[in-house]
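The values are calculated or read from the model by the stated rules, or taken from the named source; none is laboratory data. All values derive from a computational prediction rather than experimental measurement. All Cβ positions, even for glycine, are placed from backbone atoms using ideal geometry, and neighbour counts span all protein chains on display.
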């Protein structure tokens, strides 16, 4: 940062382009990793467990619950909702397979 010149628009643009390229590559790798996870029965079980533990469809606020607890629960639920949406968007057929495995009990057997 000692060599940074705030008036050098070309360098600023190049730095921004490089940061965007790195971020795009990281997003691509994350999507590929998620697809890899969902292709395996064990990975679908892990995701199903994460979603279930986050209880994304339960009410956040309840009588007698402290605000800090509600905030923590809301964060957990956000995690579950994001993973659910990610699974639906990136690998919808594996998501449906995960639900079928859950309903018929085949998701609990080894691969």
Does residue 82 satisfy the condition of being farther than 25 Å from residue 28 by Cβ and assigned to a helix (DSSP H, G or I)? no
Condition check: touching a helix residue (DSSP H, G or I) at 6+ places or on another chain (Cβ under 7 Å), surrounded by 11 or more Cβ atoms within 10 Å (Cβ to Cβ) and either in contact (Cβ under 8 Å) with a residue 40 or more places away in the chain or on the phi < 0 side of the Ramachandran plot (or both). Does residue 15 satisfy that? no
Only one of 105, 43, 64, 75 that is within 17 Å of residue 30 (Cβ to Cβ) and without any contact (Cβ under 8 Å) to a residue 40 or more places away in the chain: 43
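Each row is one residue, and each column tells you yes or no for (1) exposed (fewer than 15 other Cβ atoms within 10 Å of the Cβ); (2) at pLDDT 80 or above.
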site	(1), (2)
38	no, yes
42	yes, yes
63	yes, no
67	yes, no
73	no, yes
